[in-house]
Every structure is written in structure tokens, then in C-alpha cells.
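Note sheet for the following structure.
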């Protein structure tokens, strides 16, 4: 690659290992350890879901809110959770870490609760929400994503091997 | 079957396979993977022009036109965003980010085709 400005100096570094004093530049000019390596992919997938769920919830609420208000409000809540998770995972700092932990945990609770309820009470939860049937409509990615998210947050928790 | 759709699927799948392959070889994003994502973007632009021409020459979208164009405009952002996000961290994971762009566009293309043919709602 001939392009200048290589941010990461070591190509062989172990993924996810925090390097104190690393010159890596995050989204807003500060070092962010969560947006490196596998975290890069995790945040990208969260971003895709943030986009998809926001568009879908907006569409559902704008065109057919009265059909299933509870389900569509949950759709909107899911969208908010994905947006918050994406942004907080990408941002550096202990506060962003706390916010992302809450958002990802909420997501796990949400997909498990809505997933279970959608099977027992199909009337209130038509199958066209992100978390219905444990995210079957999205290849079960909504079920796997928070688990991977929590594992990643555990690996990159502040003070683990950094300052 | 719609030739636009077939070409689009091939471009997206090829790009995703190349990017995953490069990631498996522990490569950071290189010219091949970045150009393959550029090809996805180029296809989307051609698809947009094609869709505009077809609609103006009396081949309407059978579903909701604004939904179709909403998908298309969003899809156009995906490869650009993936490129920007992946070059900021040169690890093999960034190639999987590029692969995710191809797969996402593939799914969106599938939905756009459904809307074009007036199948199913959201």
C-alpha cells in the first residue's frame, strides 16, 4: 500500500490488545481501544443495524402505527438502542464504555424478551420487528450481536491493561 | 430474471468473497479489496441511472417508489462508509468490514428488487 499516514504501526499485533500510549486516532481525535481490530467489525455491524432499524421503525410508525403500536414502539426503542450502542462503542473513554455496556445489555434483554413474547403472544408482536422470534428475520444476528458485544466489552474494559 | 439484479448480486458476492479471503490471509485492506467495494458502488450508480431511465420510459416501480429510492440512496452510502471506516484501522478485520458492505448491499438489492416487482411489504 503506497498511501501515507498508516495509523497502526504493527501489522502483527494481537487483536484487541490495548497498547498504552498508542498513537491510534479515534473518531474524534482521541485514542479509542474499542474501535480497533474485531471491534471495528462489531461497530460496523452495529452501524448497519442502527441504520436498518431506524429506517424501518420510522417507516412503520409513519405508515401503520395503529396496527400494532406496542410492537412499533419497541421497534423504535430497538433503533435507539442500536444507535446509542454504535456511537458509544466507537467513542473512547470510561463514560462511553459505561453507556455502551448499558446499551448492549438492554439489547440482549430486549431480544430475549421480545423474542420469547413474540412466540407466546403473536398478536401483540407481528413478525416484522427486529427482535421478533429472536431476530429470525435478520438471520439471528440481533441475538448473536449483544453476546459478542458484551464479550468485546469485557476484553476492552478500562484499566484492564491500559492506564 | 432482471439482468440488473443478476449483475448486482454477482458484484456484491464477488466483493464479499474477495474481502473475506483477504481477511483469512490476514491482510489489511489492499487495492483489490478496496477496488471490489468501489465496484459495488459503481454498480449501484449504474443501477440508479438504469432505474431512473426505466421509470421515465414507462416501466414503473410496482411497489412504493419512495421506498425503492430510499433503499437505493441508503445503499449508495454503505460502501463509502465502509471504506472510510475500514481504512482508519489497518488490520484484517477491516477487510471483513468491507465484506459486510457487499453483503449489506446484497440484502438491500434483494429488497429493492422485491419492491420493484411489487412483492410483499415491510
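The values are calculated or read from the model by the stated rules, or taken from the named source; none is laboratory data. Here the structure is a predicted model, which means the values were calculated and not measured. A quick note on method: Cβ atoms are made from the backbone with ideal geometry, for glycine too, and the neighbour counts reach across all protein chains shown.
Overview of results
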quantity	calculated
Residue match in segment B:68-79 (condition: assigned to a helix (DSSP H, G or I) and closer than 19 Å to residue B:28 by Cα)	yes
Residue A:61 being surrounded by fewer than 22 Cβ atoms within 10 Å (Cβ to Cβ) and modelled with pLDDT of 95 or more	no
Qualifying residues in segment B:111-122 (those that are more than 8 Å from chain A (Cβ to nearest Cβ) and touching a helix residue (DSSP H, G or I) at 6+ places or on another chain (Cβ under 8 Å)) - the one modelled with the lowest pLDDT	B:120
Test: residue in segment A:47-59 that is within 13 Å of chain B (Cβ to nearest Cβ), more than 20 Å from residue B:67 (Cα to Cα) and assigned to a helix (DSSP H, G or I)	yes
Out of A:68, A:55, sole residue that is in contact (Cβ under 8 Å) with a residue 40 or more places away in the chain, more than 27 Å from residue A:37 (Cβ to Cβ) and crowded, with 16+ Cβ neighbours inside 10 Å	A:68
Unique residue being assigned to a loop (DSSP other than H, G, I, E, B), modelled with pLDDT under 95, farther than 20 Å from residue A:137 by Cβ and at the interface with chain A (Cβ under 9 Å from one of its Cβ atoms) when the list is B:29, B:60	B:29
Residue list for segment B:63-87, restricted to those being over 15 Å from the mean Cα position of the chain (by Cα) and within 12 Å of another protein chain (Cβ to nearest Cβ)	B:64, B:66, B:67, B:84, B:85, B:86, B:87
Residue in segment B:24-36 that is surrounded by 18 or more Cβ atoms within 10 Å (Cβ to Cβ), within 29 Å of residue A:58 (Cα to Cα) and in contact (Cβ under 8 Å) with a residue 60 or more places away in the chain present	no
Flag for residue B:39 being within 14 Å of chain A (Cβ to nearest Cβ), at pLDDT 95 or above, within 13 Å of residue B:16 (Cβ to Cβ) and within 11 Å of the chain's Cα centre (by Cα)	no
Some residue of segment B:85-100 being in a loop (DSSP other than H, G, I, E, B) and modelled with pLDDT of 90 or more	yes
Matching residues, segment A:117-156, being over 16 Å from the mean Cα position of the chain (by Cα), in contact (Cβ under 8 Å) with a residue 12 or more places away in the chain and at negative phi	A:118, A:119, A:124, A:125, A:126, A:128, A:129, A:132
